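Novice: Got a structure for you, written out below as structure tokens; questions coming shortly.
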Amino acid sequence: MSLRHFLTTQDYSRSEIDALLEQAAAFKRSPRGQQLAGKSVALLFFNPSMRTRTSFELGAFHLGGHAIVLSPGKDAWPIEFRPNVVMDGEAEEHIAEVARVLSRYVDLIAVRAFPKFQDWSIDREDAVIKAFAQYATVPVINMETITHPCQELAHALALKERFGDLTGRKYVLTWTYHPKPLNTAVANSALLIATKMGMDVTLLCPTPDYVLDERYMAFGEQNAKENGGSLKVSHNIEEAYRGADVVYAKSWGALPFFGRWEQEKPTRDANKHFIVDEAKMALTNNGVFSHCLPLRRNIKATDAVMDSPSCIAIDEAENRLHVQKAVMTSLIGQR
Amino acid sequence: MSLRHFLTTQDYSRSEIDALLEQAAAFKRSPRGQQLAGKSVALLFFNPSMRTRTSFELGAFHLGGHAIVLSPGKDAWPIEFRPNVVMDGEAEEHIAEVARVLSRYVDLIAVRAFPKFQDWSIDREDAVIKAFAQYATVPVINMETITHPCQELAHALALKERFGDLTGRKYVLTWTYHPKPLNTAVANSALLIATKMGMDVTLLCPTPDYVLDERYMAFGEQNAKENGGSLKVSHNIEEAYRGADVVYAKSWGALPFFGRWEQEKPTRDANKHFIVDEAKMALTNNGVFSHCLPLRRNIKATDAVMDSPSCIAIDEAENRLHVQKAVMTSLIGQR
Amino acid sequence: MSLRHFLTTQDYSRSEIDALLEQAAAFKRSPRGQQLAGKSVALLFFNPSMRTRTSFELGAFHLGGHAIVLSPGKDAWPIEFRPNVVMDGEAEEHIAEVARVLSRYVDLIAVRAFPKFQDWSIDREDAVIKAFAQYATVPVINMETITHPCQELAHALALKERFGDLTGRKYVLTWTYHPKPLNTAVANSALLIATKMGMDVTLLCPTPDYVLDERYMAFGEQNAKENGGSLKVSHNIEEAYRGADVVYAKSWGALPFFGRWEQEKPTRDANKHFIVDEAKMALTNNGVFSHCLPLRRNIKATDAVMDSPSCIAIDEAENRLHVQKAVMTSLIGQR
């Protein structure tokens, strides 16, 4: 039987996702156990992290396991990911060896690898984590590459805690301003999970340039069809917020300008009014607000929104701990 | 009941300090236990550390717990501490979220945040750790900001191991030269704990510019009054050392020159003779010498002093492990 | 009785090495235990690491212990190693204090400290780890300085897994090209362990300039004599490979050019054909290939060699975990 990884929720059926969320809720009620006793997970960070690292490290500890934190290129050797190359550049080591050796040491490998932000046609191939999955002989977990499936589960769990069944809920994924062009990973992931949970999803963004990659738009359409929801794009703030049950905010760079970010900057700068504020939230159906964090206050959302009872971003962040325990124990279980 | 932190020994009564020291001595005799079983502490280092990190991480491990080490701005996101600001600078995240999220993950948060060394009127507000204490919903521990209360306990324990009751002992806190203007934290802390233990304390420094912040001088006066000791300032090396039971050395930058360090440099350079050497120690009452470490040999103290039996700096460093176990278990106990 | 360290296999008799390898094989069969319960090891990395750090950290965990990872000069204070100096440079702390304090906290200290690559007459003194061993009051383990004894054991174990008794096997240590002049540590270590196991060892390198330091050549001669093997130098690729049972590859800078690397570069560049490829391996006696990793593919060895069944580099890397458990438990046992 082939090894199962956790690279994207799109590889998991709705019922498998539901089972992971139930297991996560069980861990939330009863956080300690021995499900990972003696087991270990390598956490490879090609990019910084606070919540992800803390929640994975702690998740392993709570269940009797141990996390090893590695930062390749900083406290470990830089890695080559392309096959069949003459390694005369910076990389001292090939993913084939890294993944095979780590697989001898640990029981799970988790990877964070953001895009390079120069050429989306390259970044969208998600080559780093795919190479780990190709060469590793233990399960691989996505800690955010061009999607962020652990965040999806944490988000879905936080919403279910508020609403119970999510089918038919009105869900707005709103683009917001940020001084830098950011990764689309969490936005892609929001589309995937919101449609998978059968919600009526609106992607709100300033212009058609900010629509997400066609791969994730298509997955969203397919998920909506299979789970009784819908997916549409809007550039009208008031229309999108009106009656919403959920507002999820994220900033990202427009894909047509990928690698030519200076040319995108004027449009981004012209849309600072996409900030989530009390006036916009007042248009919703007493809706909840969330964000994956880190969040720049008074840039993406106002202090008033962040500090209001409708903000569930802290719950979502806490849930990272619980859902990742569910993912780790589920992947360990297959071996 | 409001949550109790460990931000400064000044928040703790003499009998509470004595109880922590007794608990620490008990841990020194019996280092392993399950007092922190399944519990976790986040160690946030805005500045480097060797002893602090090792002793906290090990303290948690010895008692069944686990420490998560985070370096914000290096392997985690940079943090904003001011309230109500538009976060358009470097910080990607606000302390409100950082502290609240960490509080969902861990049972204790420990923070090291040195001054910025530009404006003492700002640094003396100790804004970073106060912000953690304000937003966190778990106890916060000071791992050195503008005071270093864990070092105080380790120091006091090492002295009690030598002397038993410390009341009435002659204690000299001597400034020493160092090529850089250093933090006053350990000097402030030495004043606080030495006066709290009822010793007769002399602050020895080259000129009145090197007297410590009035807040800590006043706390020292108050402690001395309450505990039967005294506090005085001296610029006379021989007078200060004569008959001393304890010599504690530390270098720090003169507060009136804060942020204008080039102007302080000539005075600092002119006082290299404050180095603790055998001739000075010979003036004492067969006194002990200590220092918080790291210490530059033959700059702050000579090899002969460091390697003599009267040097208890290694004992003091070891005691960090024991006193921090006492602090952690005491804070966990209140929940 | 004086404290025993693990600084070089040359301090260990053949039968002691055999016992460590047997213990390692036992840990490979049964990886979990409580041999290090409540014990801790400090891992000090002055240079980057992936395998070493992961395998030590995990080895401690598997046996109930805990590893503390420190990077002096990065997340800990820079350290002075020379005795009796006035510390007015960059170092904030002397090895005397570092080693003594760590010895109060942990049960083992492991150190990685590469040469500075400026003056071999200095680097060959191995001053950093010797200073740790001098001042520490707990056992010290070499995680690679100018030899790499843990790698030696892992290598020997992998060979014994293939061949059983190694006496009389034909062993080639071949220099290979690498864009940078690398450490001789693993090459020195290969000589030490291959001769200690009684193999017939050929050091293959482009010119006499690439022969290793006389200290290790002499140890190799002595080991060969004591264990029934031999040691010779060759500059003839075909002759060296013909009939070999083991090919071990490593790149290193030529010692006569130490610190004047630009002058060595033309010779290094002229010998890229030392790469281990299928044609060379075809000359062997169906031999195995190994390397300590990290390895630049298609520079030191071709993809075909790395991916062939005769490559045992991954086994060797895995064995780091097992042999280091044997080393740690053996050193702990003496206390």
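Every number in this text was worked out from the coordinates using simple rules, so none of it is lab data. Since we're looking at a predicted model, the values are computed, not measured. Neighbour counts run over all protein chains shown; Cβ positions are idealised from the backbone, glycine included.
Novice: What GluC sites (Glu not before Pro) does the range C:52-126 have in DSSP loop regions with at most 15 other beta carbons within 10 Å?
Specialist: Here the GluC sites (Glu not before Pro) that fit, given the DSSP loop and packing criteria, are C:Glu90, C:Glu125.
Novice: Using only Cα atoms, locate the centre of the range B:138-203 and the centre of the range A:291-327, then give the distance between them in Å, rounded to an integer.
Specialist: 41
Novice: Continuing with this model, one more query. Would you list the membrane-span-like helices of chain B, meaning whole DSSP H runs whose alpha-carbon atoms span at least 24 Å along their axis and whose mean Kyte-Doolittle value is at least -1.0?
Specialist: Both cut-offs are met by B:313-333.
Novice: Taking the Cα centre of the range A:151-237 as the origin, how large is its charge dipole in debye, to the nearest 20, when only Lys and Arg (+1) and Asp and Glu (-1) carry charge on their Cβ atoms?
Specialist: Result for the range A:151-237 is approximately 180 debye, rounded to the nearest 20.
Novice: In angstroms, what radius of gyration and Dmax does chain A have, counting Cα atoms only?
Specialist: 19.6, 59
Novice: Right, another one. What is the magnitude of the charge dipole of the range B:151-316 about its Cα centre, with +1 placed on the Cβ of each Lys and Arg, -1 on the Cβ of each Asp and Glu, and no other charges, expressed in debye to the nearest 20?
Specialist: Here the size comes out at about 200 debye.
Novice: What number, rounded to the nearest 500 deg cm²/dmol, is the helix-based mean residue ellipticity at 222 nm of the protein assembly as shown, given -39500 (n - 2.57) per DSSP H run of at least four residues and division by all its residues?
Specialist: Result for the protein assembly as shown: -12000 deg cm²/dmol, rounded to the nearest 500.
Novice: Taking each label point as 7 Å beyond Cα in the direction of the beta carbon, state the distances from B:Asp307 to the same residue in the other copies, shortest first, in nm.
Specialist: 5.9, 5.9
Novice: Below 8 Å, C-alpha to C-alpha, sequence gap of six or more: please give me the relative contact order for chain C in percent.
Specialist: That works out to 20 percent.
Novice: Distance check, please: which entries in A:Lys232/A:Lys265; A:Lys39/B:Lys28; B:Lys170/B:Lys325; A:Lys130/A:Lys170; A:Lys116/A:Lys265; B:Lys130/B:Lys325 exceed 27 angstrom between their Cα atoms?
Specialist: A:Lys39/B:Lys28; B:Lys170/B:Lys325; A:Lys130/A:Lys170
Novice: Once Rh is set to the Kirkwood radius over Cα pairs, what Stokes-Einstein translational diffusion coefficient, in µm²/s, holds for the protein assembly as shown at a temperature of 25 °C and a viscosity of 0.890 mPa s?
Specialist: Estimated diffusion coefficient is 80 µm²/s.
Novice: Still on this structure, I have one more. Tally Lys and Arg at +1 and Asp and Glu at -1 over the other residues with C-beta under 12 Å from the C-beta of C:Leu255: what net charge comes out?
Specialist: Summing Lys and Arg as +1 and Asp and Glu as -1 gives -3.
Novice: With all pairs of different alpha carbon atoms counted, what Kirkwood hydrodynamic radius in Å does the range B:151-316 show?
Specialist: 15.6
Novice: May I ask for the net charge around A:Asp307, where only other residues with Cβ less than 11 Å from the Cβ of A:Asp307 are counted and Lys, Arg are +1 while Asp, Glu are -1?
Specialist: Local net charge: -1.
Novice: May I pose another question? I'd like to know which of B:Leu255, B:Ile312, B:Thr184 lies farthest towards the positive end of the charge dipole of the range B:151-316, counting +1 on Cβ of Lys and Arg and -1 on Cβ of Asp and Glu.
Specialist: So the residue we want is B:Leu255.
Novice: Considering Cα pairs under 8 angstrom that are at least six residues apart, work out the relative contact order of the range C:151-316 and quote it in whole percent.
Specialist: Relative contact order for the range C:151-316 comes out at 27 percent.
Novice: Non-local amide H neighbours of C:Thr174 (under 5 Å, H modeled in plane, Pro and chain starts lacking H): which ones?
Specialist: So C:Thr174 has HN proximity to C:Leu204, C:Tyr248, C:Ala249, C:Lys250.
Novice: Do any chymotrypsin sites (Phe, Trp or Tyr not before Pro) in the range A:250-282 lie in a loop, going by DSSP, with at most 14 other beta-carbon atoms within 10 Å of their beta carbon, and if so which?
Specialist: Sparse-neighbourhood loop chymotrypsin sites (Phe, Trp or Tyr not before Pro): none present.
Novice: On to the next question. Taking a label point 7 Å from Cα toward Cβ, how far is B:Arg260 from its twins in the other copies, in nm, shortest first?
Specialist: Result, one decimal in nm: 5.3, 5.3.
Novice: If we hang a label 7 Å off Cα along the beta carbon direction at C:Arg14, how far is it from the matching labels on the other copies, in nm, shortest first?
Specialist: Here C:Arg14 shows inter-copy label distances of 7.1, 7.1 nm.
Novice: Could you work out the local net charge near C:Pro208, counting Lys and Arg as +1, Asp and Glu as -1, over the other residues with Cβ closer than 15 Å to its Cβ?
Specialist: Once all neighbours under 15 Å are counted, the net charge is -2.
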